[in-house]
Amino acid sequence: MPEQDPTAPVTDVTTSDASTSGASTSGAATAAGSREGGPGGGREGATSGRRARLAAALGTSPLARPARAVWRQRHRLAPLSTRLVLTAVALVVAISVVIGGVATVAVHAYLMGQLDDDVTAALDRSAKFPGISAGSLGEAPPDDGRDSSTDQRDDDRGFGQGFGSMEAYFLGDGYVNSDGTTEAGVVITQGSDGAASFSLLSGEALEQLSDLDTDGTPVTVRVAGQGEYRVAATQTVYGVAVAGLPVGDVEDVVRTLLAWEVALILGGAVVATGAGLVLVRRQLRPLKEVAETAHTVATLPLSSGEIDLDERVPDHLTDARTEVGQVGAALNTLLEHVETSLSARHRSEQQVRQFVADASHELRTPLATIAGYAELARRRPDDAGAQRLALAKVEEESARMTALVQDLLLLARLDAGRPLERRPVDLTRMLLEAVSDARVVSPAHEWRLELADEAVEVVGDELRLHQVLTNLLTNARKYTPEGSTVTVAALPDGFTVHDDGPGFPAELVGHAFERFVRGDQARNREGGAGLGLSLVRAIVSAHGGTVTLRSVPGDTTIEVRLPVA
């Protein structure tokens with residue numbers, strides 16, 4: 001007989017014919033299309049078709065791009081809980097489908113293995129007992145000499161085979177059936193009385209079976225008029241014997257398994273969706289509380305005025321070990337930073353207002369004095385003494401106002417970040433000259449100078465650094481009684497000014513370097529304008545240095561640190 005691939009799953013002549021017919025029809029349609037388009041139209045149409053198919057496969061079709069954009073937009077707009085649940089359900093369904101597919105394949109392979117074993121056993125019985133060739137079809141087989149007590153055949157089913165079994169024989173030379181034919185085949189079925197009955201195979205079916213290999217390997221064949229069978233053939237002394245069993249039972253089991261799997265997967269997806277929504281919403285409930293805190297803060301008026309930003313995420317929602325806790329802690333940190341920044345802004349606004357008020361106050365006094373003495377000089381044009389007094393006062397107040405304006409301009413320049421001169425400055429010589437000048441200005445104070453063995457040199461603007469030292473010594477002279485000791489000591493990177501006077505009031509220690517801050521709240525003219533220490537800090541900061549104050553009664557020290565050369 002012709003060779004056939006034993007691994008071929010199904011031999012279906014009808015299907016092959018239909019496929020051939022369909023292919024022919026498709027080819028005819030293509031040919032017709034080519035004829036309609038002319039010589040070039042066929043190639044252009046084929047090219048356009050290939051491009052369309054390629055675009056659809058790659059997802060680059062003009063129609064596919066808007067669809068993907070809409071899907072991404074909807075995905076971004078979906079709530080987080082919905083996306084989490086859908087993702088989890090999709091994973092559950094995917095894993096279930098994989099498990100179900102593997103289980104189905106495994107069950108199908110197992111059942112087909114069992115069916116192959118049964119087919120092999122049936123083929124052995126058919127080879128040992130040629131029932132169809134022993135006599136007329138339908139007659140009971142002759143006694144083969146076996147003990148009926150140990151005979152495993154069920155004679156009610158015919159020739160020892162079960163219901164649904166198929167048998168076929170192709171006799172060799174010297175053998176014929178009772179009707180004179182050399183081939184015959186039957187399908188054993190169960191009659192209405194429960195006994196075995198036989199259905200003859202058609203010639204077409206026998207022709208299909210005659211093409212089987214005789215190596216005994218079971219293959220699946222769609223037998224004409226009978227359906228799919230798992231059949232095997234072997235060579236015997238009298239010819240070729242074929243036996244087979246229907247595949248329908250196995251397919252029924254697999255279809256039932258698939259139906260149950262689909263039902264369970266869909267049911268599991270529904271249950272997982274419901275349970276996931278409940279669990280995810282419960283787990284995200286703390287996140288909603290954090291969002292409520294943010295919304296509450298967003299409704300507060302933060303544009304101006306003093307800000308009272310006490311709203312915070314509760315402590316139980318700031319545990320850094322959880323994701324929601326990390327968000328809550330981060331939001332609290334942000335709110336603290338915002339509160340600090342707004343408070344600083346409010347203080348800055350208050351300082352600006354106070355600065356304008358103080359500057360106006362300081363400038364108003366000399367301007368009023370100048371206006372008064374100018375009026376005096378105008379009313380007494382012939383009084384030489386009054387004229388001299390008026391000119392002296394105008395000159396004095398002009399000098400005071402000029403110094404105040406210069407200090408304000410210097411602060412404005414430093415605030416604007418204008419660079420200062422940078423060159424080496426001999427700090428030791430500067431300290432020596434400043435202390436010598438102070439001794440001349442205020443001999444009633446005791447001035448001391450402590451210098452290192454080696455000269456101290458820093459980098460900066462010599463004129464501005466001299467102003468820093470002069471302001472500190474002037475401040476010490478004005479706010480300490482006569483007889484107080486003022487000590488200036490050189491450091492490797494700066495200097496200190498110490499006095500044993502009454503010191504700063506405790507409430508002013510933290511604000512001593514702010515503008516227009518003075519110990520005398522009445523702002524009398526003896527204490528100056530209150531810009532001396534603010535200029536000290538601004539100049540030192542512009543040099544990249546630091547200035548600190550420590551003050552208790554009898555022990556006040558101001559320390560200045562500067563970049564060294």
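The values are calculated or read from the model by the stated rules, or taken from the named source; none is laboratory data. Keep in mind that this is a model prediction, so the values were computed, not measured. When we count neighbours, we look across all protein chains shown, and the Cβ atoms used for this are built from the backbone with ideal geometry, even at glycine. Areas reflect the complete protein model, heavy atoms only, side chains present, ligands, DNA and RNA absent. Shrake-Rupley method; radii C 1.70, N 1.55, O 1.52, S 1.80 Å.
Just checking, which of V280, V250, V290 is open to solvent by less than 70 Å² (accessible area, probe 1.4 Å), in contact with a Leu (Cβ under 7 Å, 6 or more places away or on another chain) and closer than 26 Å to V102 by Cβ?
Of V280, V250, V290, the one residue that is open to solvent by less than 70 Å² (accessible area, probe 1.4 Å), in contact with a Leu (Cβ under 7 Å, 6 or more places away or on another chain) and closer than 26 Å to V102 by Cβ is V250.
On the given criteria, is A390 open to solvent by less than 90 Å² (accessible area, probe 1.4 Å), within 28 Å of G544 (Cβ to Cβ) and assigned to a helix (DSSP H, G or I)?
Against the criterion (open to solvent by less than 90 Å² (accessible area, probe 1.4 Å), within 28 Å of G544 (Cβ to Cβ) and assigned to a helix (DSSP H, G or I)), A390 does not qualify.
When segment 521-537 is examined, which residues are found to be modelled with pLDDT of 80 or more and either touching a Ser or Thr at 6+ places or on another chain (Cβ under 6 Å) or open to solvent by 20 Å² or more (accessible area, probe 1.4 Å) (or both)?
Residues satisfying the conditions are G532, R537.
Can you say whether E204 is open to solvent by 50 Å² or more (accessible area, probe 1.4 Å), farther than 26 Å from A109 by Cα, in contact with a Leu (Cβ under 8 Å, 6 or more places away or on another chain) and of a type outside the set (V, I, T), as far as the supplied structure shows? I'd like the intermediate steps shown before the answer.
Numbers: open to solvent by 50 Å² or more (accessible area, probe 1.4 Å): yes; farther than 26 Å from A109 by Cα: yes; in contact with a Leu (Cβ under 8 Å, 6 or more places away or on another chain): no; of a type outside the set (V, I, T): yes.
Considered against the rule, which asks whether it is open to solvent by 50 Å² or more (accessible area, probe 1.4 Å), farther than 26 Å from A109 by Cα, in contact with a Leu (Cβ under 8 Å, 6 or more places away or on another chain) and of a type outside the set (V, I, T), E204 comes out as no.
State whether one or more residues within segment 248-262 are modelled with pLDDT under 90, out of contact with any strand residue (DSSP E or B) (no Cβ under 9 Å at 6 or more places or on another chain) and farther than 22 Å from V105 by Cβ.
No, every residue in segment 248-262 fails to be modelled with pLDDT under 90, out of contact with any strand residue (DSSP E or B) (no Cβ under 9 Å at 6 or more places or on another chain) and farther than 22 Å from V105 by Cβ.
Identify all residues within segment 457-500 that are hydroxyl-bearing (S, T, Y), within 16 Å of D437 (Cα to Cα) and assigned to a strand (DSSP E or B); write none if there are none.
Once the filter is applied, which keeps residues that are hydroxyl-bearing (S, T, Y), within 16 Å of D437 (Cα to Cα) and assigned to a strand (DSSP E or B), segment 457-500 yields T485, T487.
I'd like the residue in segment 455-505 that is aromatic (F, W, Y) and open to solvent by less than 60 Å² (accessible area, probe 1.4 Å) and, out of all such residues, is nearest to L410 (Cα to Cα). Before the answer, list the steps.
The first filter runs over segment 455-505 and keeps only residues aromatic (F, W, Y), leaving 479, 495, 504.
Pick out the ones that are also open to solvent by less than 60 Å² (accessible area, probe 1.4 Å) and you get 495, 504.
Details: F495: 23, F504: 25 Å.
Within segment 455-505, the match that is nearest to L410 (Cα to Cα) is F495.
Regarding D382, is this residue out of contact with any Ser or Thr (no Cβ under 6 Å at 6 or more places or on another chain), not polar (S, T, N, Q) and not in a helix (DSSP H, G or I)?
The answer is yes for D382.
Residues checked against (1) out of contact with any Leu (no Cβ under 7 Å at 6 or more places or on another chain); (2) more than 27 Å from L491 (Cβ to Cβ); (3) surrounded by 15 or more Cβ atoms within 10 Å (Cβ to Cβ):
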site: R400; (1), (2), (3): yes, yes, yes
site: L411; (1), (2), (3): no, no, yes
site: A416; (1), (2), (3): yes, yes, no
site: R423; (1), (2), (3): yes, no, no
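From the list V338, V324, V290, V254, exactly one residue is assigned to a helix (DSSP H, G or I) and in contact (Cβ under 8 Å) with a residue 60 or more places away in the chain. Which is it?
Residue meeting the stated conditions: V254.
Here are D383, D358, D319: which of them is within 30 Å of A291 (Cβ to Cβ) and surrounded by 11 or more Cβ atoms within 10 Å (Cβ to Cβ)?
Among D383, D358, D319, only D319 is within 30 Å of A291 (Cβ to Cβ) and surrounded by 11 or more Cβ atoms within 10 Å (Cβ to Cβ).
When segment 217-238 is examined, which residues are found to be buried (at least 19 other Cβ atoms within 10 Å of the Cβ) and small (G, A, S)?
A232, A233
Show the residue pairs meeting these rules: Cβ distance below 9 Å; 6+ apart or different chains; first residue within segment 401-413 and modelled with pLDDT under 80; second residue assigned to a helix (DSSP H, G or I) and surrounded by fewer than 17 Cβ atoms within 10 Å (Cβ to Cβ).
As it stands, the answer is L404/L363, since those pairs meet every condition given.
Residues that are more than 24 Å from D116 (Cβ to Cβ): which strands (runs of 3 or more DSSP E) entirely in segment 171-240 hold 1 or more of them?
Because the criterion is at least 1 residues that are more than 24 Å from D116 (Cβ to Cβ), the strands (runs of 3 or more DSSP E) in segment 171-240 that meet it are 183-190, 196-200.
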